[in-house]
Structure formats: structure tokens, C-alpha cells
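To keep things clear, I will list the structure first and then write my remarks on it.
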Amino acid sequence: MVAHAHFDQLRFTKEGWSHMQVCIVGAGVVGLTGAYFLAREGHDVTVLESGDDVAQGASHANGAQLSYSYVAPLADPSVLPHLPAWLLSSDSALRYVPRPDMKQWRWCMAFLRACRTATSNRTALELLQLGALSRAALHELVGQEKIEFDHVQNGKLVVYRDAHEFELARRKVDLLAEGGASQSALDRRGCIEIEPSLDFAPTSIVGGIHTPSEEAGDCLRFCNALANVLRDRYHVRIMTGTRVLGWVRQGRQIVAARIEQGDIRADAFVLSAGTASVDLAEGLGLRLPIYPLTGYSLTAAAIPDRSPGINVTDLHRKVVYARLGEQLRIAGMVEITGADESQREARLATLTRHVKEIFPFAADYANAETWCGHRPATPDSKPLVGATKFSNFWLNTGHGALGFTLACGTAKLLAEVLHGRQTSVDASVYSLNRLS
């Protein structure tokens, strides 16, 4: 049990509480970066994590790409023509299995509404702004704390196999240029010049969008290094193996998180628990529009001169590639099936087959480490950041496939909102109310 100060022991200023006891639930990349930016301001932070260590959920072996400029939401008009195939094929990159689950149905209906062109374009520009904030915040953090995590700025190439989809992507280049992104559209030969290993790819690739400023890094290494910094330099308590069982309420305030060992009292609580955020919020009467999107990854020894040196996304297969030192990280697939992992081996076999199709000689696939995880996604692909109906209960969750990319940005935004400061980006577009 951790003792915490009471409100009357704190000093209130025009920017909010000058010193708070903050309890963050979740020790993935979102929870840890949130802890960092709050602890750095002098707050006393405790992080509760149900897993045995940090970064055991969606942060563990994700796609590793830091796609600050290429932040196209999953909800896009281009997905609509493919829906019948996704429903009928067990081999498709995006797989949907209907379940007698109102949460799934509500999420899917909201997703379809978010696929409208105007909504999707607006979301892309909003995520671009948040991505720019996140890039600056991550560089600030890494520069100050000297964290090592195979971080490289090697650019990103999104390749297309469908001429119509490629033309739509070319148009989006102009849209994102309005928000400050620097991208270029390349034909097949141009793609191979940028990434020679694509010369082994099938001739069905018609072109690609190149973003030279994009980055990559090992999210697990980042989280482990950041956790050490938090403990050693900022005296943050990270309590692993600690599941939140419920909440202690007092009017419109939360006074404690209930765990097996007792109550963790705090002045402010932040929910960053990935897909578990939904059930934890329901205990307070809050409905979060988050649903798990299952994905898979392979991590294999890269083969020199045959493995991509830049980040590559095969849009048709929904597979991403990133070099992490001597390793190649391959992640992909989107399953709207709940937390079901019964198809794990079959889907990993499909992922391996898709990988060999475009990069047949890039890595030692036979000895690859495999992973399956559940991304906490909102229907419009924007995270939930900000206040709730409880005066001291905050959200920083629902990042979907952009958790590593946006974590530092939402951490910075959360700190600004929590302190009542002017925000770096429009915070209202990430609030829970936007989807009500």
C-alpha cells in the first residue's frame, strides 16, 4: 500500500496543482511516457501494471515504425470496396469475424461512419499535427535521457499494388503537404532505387509513397530503458504484477485504485491500460469506444543486402517492415475478432507467406520469434486523451496501431490538459466527448 498526500497539502497555482500524487494504470509505452512527462514536472508518480513486467501488451513486439508523417487512419473510404472480401476470406490482411458482442457492433458502425472522405481527411491532418508534437517530444526525451533503442531516421516507403489506390494516395500527399508533411510519389522503378531489396518483389507493385523523415526503433527496449530512468532518476514507483480490481469514489472524484494489497490513493488518476481500459472504465460508468484489433509480428535475423534498409509498408497485405539493428521486425494484419487468439498459428503462417512474397530472401524466417498482440483502437484511429466526468480521472489510451508513434505526443498533451495550460494541439479532437 502506498501512502499519498491529501489535497490540502498541495499548493494550487494558476496552472493547476504544483505537486500531485499521480497514479497511472498501465506500463506500456503510453503509460510510461505519460509518467515521464508528469514526473519531470515534479509530480510523485506511481504506475500500476497487471503484467509481470513493463511493455508486455501491444508495446512488446509491435511494428517498430515511428510514422509521424504517414498517419493515415485505418478508417478510410478506400477500405469500403474490400469489405466483402474481408468478410469471406480467412486469408485476408484485414479479417472480421462477427460476434454476439454489442461492443464489436457499436465499434464497427462508428468505424464505417469514420470512413467518410471528409472525416478521414480531417483525421489525417489532426494526427499529422499530433505526430509532429510526438516526434519533437520523443527527440527531447531521448536527447535528455540518452536512451538507446535501435533508433534510426531511415525513412518510410509505402508500396501499392493497385493503381487506383496508388492514385488516391498521390492525392493524399497534397492534402498532408498542407499540414507540413514532406512526401513524394514514386513509380515502381523509383521505389527500387530507394529500396533495392524490392527488386525481388512481384511486378504487381505499381508505385509507392516515400517519406524520408520517418523513423524506427525497438519499442520494448525503449520501454525498458525508460522504466529504468523513471525509477532511478525520477523515483517513479512501477508496481508490476498489480491488477486494479476497482475504484474508490467520493462524489465526482476518485480517491483510490483498489488492488489486492489494499488501496492506492492519489490526487489524480490516468488510465493507460490498453484494451483493459474498457473494463476499468466501465467500473466508473464510462463507456470507452475501444476495441482490440489483433496483430502479429515476426522478428528475424536480417540477411545483409537482401533486407530492407528503410521502413517499408505493403499496404495491400497490411504488413510493415522495420530494421532494428541486425534484426528485421515484420508486423501486420488487422483482426476485428475480439481477444480471440485461436487462429494464432494459422495467421502467423499466413503472415510468413505474405512476407516471403515481397521479401523472399530478407531474413531467417525459419527461426523467427513470433508474437500476437491486441491494439486498443478507436473507430476513427485517434487516441482518447483528456478529462472525464470525474474531476481527477484522466484518459490517455486507445492509440491503436500508432501507440509508439503518438505516445510522447499524447503524454505531452495530457500534461498540458491536466495542468490547465494552453495545449500544443487542439485537445478537443481527442476527448471522449467527440465520439458520443
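The values are calculated or read from the model by the stated rules, or taken from the named source; none is laboratory data. In this text the structure is predicted, and so the values were computed from the model without any measurement. In this analysis, Cβ positions are derived from the backbone assuming ideal geometry, glycine residues included, and neighbour counts consider all displayed protein chains.
Among the numbered conditions (1) crowded, with 24+ Cβ neighbours inside 10 Å; (2) of a type outside the set (V, I, T); (3) out of contact with any Ser or Thr (no Cβ under 9 Å at 6 or more places or on another chain), the only one that E49 does not meet is (3). When the stretch 129-176 is filtered for residues that are under 25 Å from L413 (Cα atoms) and either among the charged types (D, E, K, R) or not in a helix (DSSP H, G or I) (or both), the ones remaining, listed by number, are R135, E140, E145, K146, I147, E148, F149, H151, V152, Q153.
Please determine whether any residue of the stretch 78-101 is closer than 22 Å to L271 by Cβ and either within 21 Å of the chain's Cα centre (by Cα) or not basic (K, R) (or both).
For the stretch 78-101, residues closer than 22 Å to L271 by Cβ and either within 21 Å of the chain's Cα centre (by Cα) or not basic (K, R) (or both): present.
The residues in the stretch 244-257 that are more than 19 Å from D52 (Cβ to Cβ), exposed (fewer than 15 other Cβ atoms within 10 Å of the Cβ) and without any contact (Cβ under 8 Å) to a residue 24 or more places away in the chain can be counted, and the count is 3.
Within the stretch 205-233, if we keep just the residues that are touching a Gly at 6+ places or on another chain (Cβ under 9 Å) and not in a strand (DSSP E or B), the residue that is nearest to A411 (Cα to Cα) turns out to be C223. Does any residue of the stretch 418-432 turn out to be more than 24 Å from G251 (Cβ to Cβ), touching a Cys at 6+ places or on another chain (Cβ under 8 Å) and either outside the structural domain of I254 (by TED's automatic domain parsing) or part of a helix (DSSP H, G or I) (or both)? Scanning the stretch 418-432, I find no residue that is more than 24 Å from G251 (Cβ to Cβ), touching a Cys at 6+ places or on another chain (Cβ under 8 Å) and either outside the structural domain of I254 (by TED's automatic domain parsing) or part of a helix (DSSP H, G or I) (or both), so the answer is no. A count restricted to the stretch 137-175 and to residues that are without any contact (Cβ under 8 Å) to a residue 40 or more places away in the chain and hydrophobic (A, V, I, L, M, F, W, C) stands at 2.
Looking only at the stretch 121-147, count how many residues are of a type in the set (G, A, S) and more than 18 Å from the chain's Cα centre (by Cα).
1
In the condition set (1) in contact with a strand residue (DSSP E or B) (Cβ under 7 Å, 6 or more places away or on another chain); (2) part of a loop (DSSP other than H, G, I, E, B); (3) of a type in the set (G, A, S), S277 is compliant with all but (2). Number of residues in the stretch 259-274 that are surrounded by fewer than 23 Cβ atoms within 10 Å (Cβ to Cβ) and not in a loop (DSSP other than H, G, I, E, B) equals 5. Checked against (1) outside any loop (DSSP other than H, G, I, E, B); (2) buried (at least 22 other Cβ atoms within 10 Å of the Cβ), A61 passes all but condition (1). Does any residue of the stretch 314-337 turn out to be assigned to a loop (DSSP other than H, G, I, E, B), in contact with a helix residue (DSSP H, G or I) (Cβ under 9 Å, 6 or more places away or on another chain) and modelled with pLDDT of 95 or more? No, every residue in the stretch 314-337 fails to be assigned to a loop (DSSP other than H, G, I, E, B), in contact with a helix residue (DSSP H, G or I) (Cβ under 9 Å, 6 or more places away or on another chain) and modelled with pLDDT of 95 or more.
Of the residues D150, D101, which single one is assigned by TED's automatic domain parsing to the domain that holds L351, among the acidic types (D, E), more than 22 Å from A72 (Cα to Cα) and in contact with a helix residue (DSSP H, G or I) (Cβ under 8 Å, 6 or more places away or on another chain)? D150 is the lone residue from the list that is assigned by TED's automatic domain parsing to the domain that holds L351, among the acidic types (D, E), more than 22 Å from A72 (Cα to Cα) and in contact with a helix residue (DSSP H, G or I) (Cβ under 8 Å, 6 or more places away or on another chain). Within this structure, L406 passes the test of being crowded, with 24+ Cβ neighbours inside 10 Å, outside the structural domain of A346 (by TED's automatic domain parsing) and under 24 Å from T313 (Cβ atoms). When the stretch 313-364 is filtered for residues that are of a type in the set (K, R) and under 12 Å from S92 (Cβ atoms), the ones remaining, listed by number, are R317, K318, R347. Screening G386 on (1) surrounded by 24 or more Cβ atoms within 10 Å (Cβ to Cβ); (2) under 19 Å from the mean Cα position of the chain (by Cα); (3) of a type outside the set (V, I, T) shows it passes everything except condition (1).
Looking only at the stretch 137-187, count every residue that is closer than 16 Å to Q65 by Cβ and of a type in the set (F, W, Y) and tell me the total. Qualifying residue count, the stretch 137-187: 1. The residues listed here are G180, G241; of these, the one that is surrounded by fewer than 14 Cβ atoms within 10 Å (Cβ to Cβ), under 22 Å from the mean Cα position of the chain (by Cα) and not in a helix (DSSP H, G or I) is G180. Just one of W107, W86 is of a type outside the set (V, I, T) and at pLDDT below 90; which is it? It is W86.
Taking first residues from the stretch 273-294 that are over 12 Å from A339 (Cα atoms) and partners that are assigned to a helix (DSSP H, G or I) and aromatic (F, W, Y), the Cβ contacts under 9 Å between residues at least 6 apart in sequence or on separate chains come to P289/W107; I290/W107. All conditions but one from (1) over 14 Å from the mean Cα position of the chain (by Cα); (2) assigned by TED's automatic domain parsing to the domain that holds G26; (3) assigned to a helix (DSSP H, G or I) apply to A366; the one that does not is (2).
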